[in-house]
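Engineer: Have a look at the structure that comes next, please.
The values are calculated or read from the model by the stated rules, or taken from the named source; none is laboratory data. Source: prediction; values computed, not measured. Don't worry about glycine lacking a Cβ; one is built from the backbone with ideal geometry, like all the others, and counts go over all protein chains shown. Calculation scope for accessible area: heavy atoms of the full protein, side chains included, ligands and nucleic acids excluded. Shrake-Rupley method; radii C 1.70, N 1.55, O 1.52, S 1.80 Å.
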Amino acid sequence: MFWPVLATVAIIYVCNAVLAMRQMKDFSTTYTLLRTRGRVAIGKQKNALSRGAIVMFLLDDRDHVVAGRRMNGITVLARFRDFPVCDGLPVEEIDPTAVRADRGTQRAIANARDNFLTIRAGEIPVEPPTPLMKVVNRVDAKVGHTPERPAGASRHVVGRRGLTAVD
(Lines give C-alpha, C1' and ligand atoms only; values in the text may rest on other atoms or scores of the structure.)
Protein backbone atom coordinates (compact mmCIF):
# COMPACT_ATOMS: atom_id res chain seq x y z
CA MET A 1 0.00 0.00 0.00
CA PHE A 2 2.92 2.35 0.70
CA TRP A 3 4.51 2.14 -2.78
CA PRO A 4 1.36 3.01 -4.80
CA VAL A 5 0.77 6.05 -2.58
CA LEU A 6 4.41 7.12 -2.92
CA ALA A 7 4.27 6.65 -6.71
CA THR A 8 1.06 8.73 -6.91
CA VAL A 9 2.59 11.54 -4.86
CA ALA A 10 5.72 11.47 -7.05
CA ILE A 11 3.65 11.65 -10.25
CA ILE A 12 1.61 14.57 -8.89
CA TYR A 13 4.81 16.36 -7.85
CA VAL A 14 6.42 15.90 -11.30
CA CYS A 15 3.25 17.09 -13.07
CA ASN A 16 3.10 20.16 -10.81
CA ALA A 17 6.78 20.93 -11.49
CA VAL A 18 6.31 20.64 -15.26
CA LEU A 19 3.22 22.86 -15.24
CA ALA A 20 4.98 25.42 -12.99
CA MET A 21 7.87 25.56 -15.47
CA ARG A 22 5.38 26.14 -18.30
CA GLN A 23 3.83 28.96 -16.30
CA MET A 24 7.25 30.54 -15.66
CA LYS A 25 8.02 30.26 -19.37
CA ASP A 26 4.71 31.98 -20.18
CA PHE A 27 5.62 34.80 -17.75
CA SER A 28 9.08 35.15 -19.30
CA THR A 29 7.74 35.12 -22.87
CA THR A 30 5.04 37.69 -22.09
CA TYR A 31 7.48 39.97 -20.28
CA THR A 32 10.04 39.73 -23.09
CA LEU A 33 7.38 40.48 -25.70
CA LEU A 34 6.24 43.59 -23.83
CA ARG A 35 9.76 44.68 -22.86
CA THR A 36 10.93 44.71 -26.49
CA ARG A 37 8.19 47.28 -27.17
CA GLY A 38 8.92 49.58 -24.21
CA ARG A 39 8.83 49.92 -20.44
CA VAL A 40 6.76 47.50 -18.39
CA ALA A 41 5.06 47.97 -15.01
CA ILE A 42 4.42 44.71 -13.16
CA GLY A 43 2.14 44.15 -10.19
CA LYS A 44 1.30 40.99 -8.32
CA GLN A 45 -0.98 39.71 -5.60
CA LYS A 46 -0.22 36.35 -3.99
CA ASN A 47 -2.86 34.37 -2.15
CA ALA A 48 -2.68 30.96 -0.52
CA LEU A 49 -6.20 29.63 -1.05
CA SER A 50 -7.81 32.15 -3.38
CA ARG A 51 -7.03 33.57 -6.79
CA GLY A 52 -3.67 35.27 -7.17
CA ALA A 53 -2.96 37.72 -9.98
CA ILE A 54 -0.13 39.24 -11.99
CA VAL A 55 -0.63 42.22 -14.29
CA MET A 56 1.81 43.75 -16.78
CA PHE A 57 1.33 47.14 -18.39
CA LEU A 58 3.30 48.28 -21.44
CA LEU A 59 3.97 52.02 -21.08
CA ASP A 60 4.70 54.69 -23.67
CA ASP A 61 6.97 57.73 -23.28
CA ARG A 62 4.24 59.72 -21.50
CA ASP A 63 3.61 56.93 -18.95
CA HIS A 64 0.28 55.93 -20.50
CA VAL A 65 -0.71 52.26 -20.69
CA VAL A 66 -0.42 50.98 -24.26
CA ALA A 67 -1.28 47.33 -23.59
CA GLY A 68 -2.07 45.22 -20.58
CA ARG A 69 -1.75 41.51 -19.84
CA ARG A 70 -3.18 39.65 -16.85
CA MET A 71 -2.74 36.21 -15.35
CA ASN A 72 -5.00 35.19 -12.51
CA GLY A 73 -6.02 31.91 -11.00
CA ILE A 74 -5.32 29.41 -8.27
CA THR A 75 -3.44 26.71 -10.13
CA VAL A 76 -0.39 26.41 -12.35
CA LEU A 77 -2.76 26.14 -15.31
CA ALA A 78 -3.30 29.94 -15.38
CA ARG A 79 -1.88 31.77 -18.42
CA PHE A 80 -1.54 35.41 -19.49
CA ARG A 81 -4.43 36.96 -21.40
CA ASP A 82 -5.03 40.42 -22.85
CA PHE A 83 -6.26 42.97 -20.31
CA PRO A 84 -7.26 46.13 -22.23
CA VAL A 85 -9.23 47.74 -19.37
CA CYS A 86 -6.52 50.30 -18.53
CA ASP A 87 -5.31 50.99 -22.09
CA GLY A 88 -4.77 54.71 -22.73
CA LEU A 89 -4.81 55.72 -19.05
CA PRO A 90 -1.84 57.36 -17.31
CA VAL A 91 -0.38 54.94 -14.78
CA GLU A 92 -0.63 57.47 -11.92
CA GLU A 93 -4.39 57.87 -12.47
CA ILE A 94 -5.35 54.20 -12.59
CA ASP A 95 -7.98 53.53 -9.93
CA PRO A 96 -8.04 49.78 -9.21
CA THR A 97 -11.46 49.98 -7.53
CA ALA A 98 -12.97 51.36 -10.75
CA VAL A 99 -11.83 48.30 -12.72
CA ARG A 100 -14.38 45.50 -12.94
CA ALA A 101 -12.22 42.60 -11.81
CA ASP A 102 -11.75 40.33 -8.83
CA ARG A 103 -10.07 41.68 -5.70
CA GLY A 104 -6.75 39.94 -6.45
CA THR A 105 -6.54 41.62 -9.85
CA GLN A 106 -7.42 45.00 -8.33
CA ARG A 107 -4.65 44.60 -5.78
CA ALA A 108 -2.20 43.58 -8.52
CA ILE A 109 -3.15 46.71 -10.48
CA ALA A 110 -2.56 48.84 -7.38
CA ASN A 111 0.78 47.09 -6.85
CA ALA A 112 1.83 47.77 -10.47
CA ARG A 113 0.92 51.45 -10.09
CA ASP A 114 2.74 51.73 -6.76
CA ASN A 115 5.81 49.90 -8.12
CA PHE A 116 5.94 52.27 -11.09
CA LEU A 117 5.65 55.38 -8.90
CA THR A 118 8.28 54.04 -6.49
CA ILE A 119 10.76 53.31 -9.27
CA ARG A 120 10.10 56.66 -10.90
CA ALA A 121 10.95 58.30 -7.55
CA GLY A 122 14.30 56.47 -7.62
CA GLU A 123 13.51 53.98 -4.87
CA ILE A 124 13.25 50.20 -4.74
CA PRO A 125 9.71 48.78 -4.53
CA VAL A 126 8.79 46.73 -1.48
CA GLU A 127 7.91 43.10 -2.12
CA PRO A 128 4.34 42.31 -1.00
CA PRO A 129 4.20 39.75 1.82
CA THR A 130 3.76 36.09 0.94
CA PRO A 131 0.72 34.21 2.28
CA LEU A 132 2.91 32.59 4.96
CA MET A 133 4.30 35.96 6.07
CA LYS A 134 0.76 37.35 6.31
CA VAL A 135 -0.06 34.58 8.79
CA VAL A 136 3.18 35.16 10.73
CA ASN A 137 2.47 38.91 10.91
CA ARG A 138 -1.05 38.26 12.23
CA VAL A 139 0.26 35.89 14.89
CA ASP A 140 2.97 38.37 15.88
CA ALA A 141 0.35 41.13 16.17
CA LYS A 142 -1.77 38.97 18.47
CA VAL A 143 1.22 37.95 20.59
CA GLY A 144 2.28 41.55 20.95
CA HIS A 145 5.34 41.78 18.71
CA THR A 146 5.29 45.03 16.79
CA PRO A 147 7.87 46.84 14.65
CA GLU A 148 8.69 48.94 17.73
CA ARG A 149 9.10 45.80 19.84
CA PRO A 150 10.32 42.93 17.64
CA ALA A 151 10.27 39.28 18.69
CA GLY A 152 13.95 39.32 19.65
CA ALA A 153 13.43 42.30 21.97
CA SER A 154 10.96 40.60 24.29
CA ARG A 155 12.36 39.76 27.69
CA HIS A 156 11.54 36.09 28.11
CA VAL A 157 13.92 33.76 29.87
CA VAL A 158 14.02 30.12 28.97
CA GLY A 159 14.70 28.13 32.10
CA ARG A 160 15.07 24.44 32.71
CA ARG A 161 11.35 23.98 33.15
CA GLY A 162 10.18 25.96 30.13
CA LEU A 163 9.49 29.56 29.23
CA THR A 164 9.32 32.06 32.07
CA ALA A 165 7.97 35.55 31.41
CA VAL A 166 10.01 38.42 32.82
CA ASP A 167 7.92 41.35 31.49
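Engineer: How much length is gained if the chain between S28 and R79 is pulled fully straight, taking 0.36 nm per residue apart and subtracting their Cα-Cα distance, in nm to one decimal? Numbers along the way, then the final one.
Structural biologist: Numbers: separation 51, 0.36 × 51 = 18.36 nm, distance 1.15 nm.
Going from the current span to full extension adds 17.2 nm.
Engineer: Taking K and R as +1 and D and E as -1, what net charge do the other residues with C-beta under 9 Å from the C-beta of F80 add up to?
Structural biologist: With Lys, Arg at +1 and Asp, Glu at -1, the net is +2.
Engineer: Further, regarding this structure: Given the chain, report the % of alpha carbon pairs whose separation exceeds 20 Å.
Structural biologist: Above the 20 Å cut-off, the chain has 64 percent of its Cα pairs.
Engineer: Could you give the angle, 0 to 90 degrees to the nearest 10, between helix 103-120's Cα long axis and the longest principal axis of the Cα atoms of the chain?
Structural biologist: Here the helix axis deviates by roughly 80 degrees.
Engineer: If the label point is 7 Å along Cα→Cβ of A17, which residues in region 54-88 have backbone nitrogen under 18 Å from it?
Structural biologist: Counting backbone N atoms under 18 Å from the label point, the list is 76-77.
Engineer: While we're looking at this one, here's another question. Where in region 47-72 is the amide nitrogen less than 16 Å from a point lying 7 Å along the Cα-to-Cβ axis of A98?
Structural biologist: Of the residues in region 47-72, 64-66 have backbone N under 16 Å from the label point off A98.
Engineer: Roughly how many percent of the accessible protein surface of the chain is carbon and sulfur, given a 1.4 Å probe and a whole-percent answer?
Structural biologist: That fraction is 60 percent.
Engineer: Residues of region 14-131: accessible area per residue at 1.4 Å, in Å²?
Structural biologist: Spelled out: the 1.4 Å probe surface of region 14-131, per residue, equals 60 Å².
Engineer: Lysines near K25 by alpha-carbon distance under 28 Å, same-chain residues fewer than 8 away left out - which ones?
Structural biologist: The reachable lysines, counting only those whose Cα sits under 28 Å from K25, are K44, K46, K134.
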